[in-house]
Amino acid sequence: MFDLSHPPADFLENPFPHYDRLLAEAPVCPQPDGSFLISRHADLNAIYRDTTLYISDKKQAFAPKFGPGSPLYEHHTTSLVFNDPPLHTRVRRIMTSALTPKALARMEPGLIATVDHLLEDMPPEADLIEDFASSIPIQIIGNLLDVPMEERAPLRDWSLAILGALEPTLTEAQLARGHRAVREFKTYLQDLIARRRADPGDPETDVLTRLINGDDSGRLTETELIQNCIFILNAGHETTTNLIGNGLALLNDFPDQKQRLIEDSALIDTMVEEVLRLRSPNQFGNRETTAPVTLGGYGIPPGSNLHLCIGAANRDPAVFEDPGVFDIARRPNRHLAFAGGPHVCVGLTLARMEGRIAIARFLRRYPSYRLTEGRVPGGRIRFHGYQHLPAQLG
């Protein structure tokens, strides 16, 4: 049996052979703790779209993990991703209204300027994560919330600590770090919100002002407001960093595809979709059953936690031809990197834009880049990427 809480030694670095075996041998895999690991594309697709039998609320699962009333518990049970209507509907509507095509078009020049500035300052021997990929989403989300530039330094570490607490198993140090990050981030946001209330921004461009103002259905509570600001940073930071880093790593590892993209820059859109499929930045989602269900021949009782293996579903041979092949022109590409149904990622268009602009402009500036020794995998089960990606740019 594959045990997600005690995965094989090589799983963190290369989970994909294990995913292939799960799809072939145990697409519904019972776990020792009574949860179930689900890996088929069709099952995930159906689960994402059924909000009656499968809910996102994680209070039952997070109470023993984080401690009822703890900082991590408050955050992860209040943020958008682990909530269902009516809170999910209200917060998502406000966020969606701030990420319209018109709003994204206004953001694009600033994103291009940010990317070009980073490219100009990169040393000949660079870390593509530290020096490039991780800086882009921090600046874009900082702009969305209008966080003063000089106050952005702690944002990445807070995000990594809070998201790290979603791993299947935690050390005491990881748990303490996550709680501390929520407390510090919350204290910072209380001050930022007070300043914004005293001096509101333009709700057309400032998501924080928009969240403070609420909409026709009312305003968010102070806790809902703070925790969903934290969510906006977390949802867009590590995943977008991983998208950019994974894309540059794959192009290095498959030089024929890199050359293909250099020769035909119009392939950048399908290339980004293929990175999202083959190296999904977010490898797992979760749902909880509300009634007895049957999946893969197993009777699953109500209240069961389901681990939705996005990384495996995106390699399902029932959906994708040659699923292990990196094909930057793949069509169709019905991956589940952004989940699906009512919980489909609210920032998916922004994430795609960041990935497209970052990778295209990097490749235009440094077409001969090559990765050097010293790659450090992200070390996460839930999120797939790199901590360090050293490269020679010239």
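A simple spin-label model places pseudo-atoms 7 Å from Cα toward Cβ; at ALA63 and THR89 they are separated by 2.6 nm. One way to sum up the overall shape of region 1-55 is the equivalent ellipsoid from its Cα gyration tensor, whose semi-axes run 22, 13, 10 Å, largest first.
Normalising the average separation of contacting C-alpha pairs (under 8 angstrom, six or more residues apart) by the number of residues puts the relative contact order of region 1-78 at 18 percent.
Distance between the modelled labels on ILE262 and ARG365, one decimal in nanometres: 1.8 nm (7 Å Cα→Cβ projection).
Here region 253-375 has 49 percent of its accessible surface on carbon and sulfur atoms, given a 1.4 Å probe and all protein chains in place.
Summed over the residues of the chain and divided among them, the accessible surface reaches 42 Å² per residue at a probe radius of 1.4 Å.
Counting only Cβ charges, +1 for Lys and Arg and -1 for Asp and Glu, the dipole size of region 118-219 around its Cα centre is about 680 debye.
Volume per residue of the convex hull around the Cα atoms, evaluated for region 277-391, comes out as 149 Å³. Each peptide in 6-14, 303-311, 46-54 was scored by the mean count of other Cβ atoms within 10 Å over its residues; highest first, the order is 303-311, 46-54, 6-14. Packing around the peptides 322-331, 91-100, taken as the average count of other Cβ atoms within 10 Å per residue, puts them in this order, highest first: 91-100, 322-331. Oblate is the label for region 84-234, because the ratio a/c of its alpha-carbon gyration tensor axes (a ≥ b ≥ c) is 1.5 or higher and a/b is not greater than b/c. On region 35-186, 57 percent of the accessible area sits on carbon and sulfur atoms, based on a 1.4 Å probe. Simple spin-label estimate for LEU53 and ASN305 gives 2.2 nm between the two label positions (7 Å along the Cα-to-Cβ direction from each Cα).
Which helices of the chain meet both criteria: a Cα extent of 24 Å or more along the helical axis and a mean Kyte-Doolittle score no lower than -1.0, with helices taken as whole DSSP H segments?
101-121, 172-198, 222-253, 348-365
Ordering 197-205, 383-391 by mean Cβ neighbour count within 10 Å, with the highest value first, yields 383-391, 197-205.
In region 174-279, taking the dipole from charged Cβ atoms about the Cα centre, the farthest positive-side position among PRO200, LEU248, HIS179 is held by HIS179.
Across region 101-161, Cα-Cα pairs more than 14 Å apart make up 62 percent of the total. Across the chain, C-alpha contacts under 8 Å between residues 6 or more apart give a mean separation that, scaled by the residue count, equals a relative contact order of 26 percent. For region 191-301, the convex hull spanned by the alpha carbon atoms encloses 213 Å³ per residue. Within a straight-line Cα-Cα reach of under 24 Å, LYS59 can be paired with the following lysines, leaving aside sequence neighbours fewer than 8 residues apart in one chain: LYS186.
The values are calculated or read from the model by the stated rules, or taken from the named source; none is laboratory data. Every value quoted in this text rests on a predicted model; they were computed, and no experiment measured them. Heads up, the Cβs are rebuilt from the backbone with ideal geometry, glycines too, and the neighbour counts pull from every protein chain shown. Accessible surface is based on the protein model in full, side chains and every heavy atom, while ligands, DNA and RNA are left aside. Shrake-Rupley method; radii C 1.70, N 1.55, O 1.52, S 1.80 Å.
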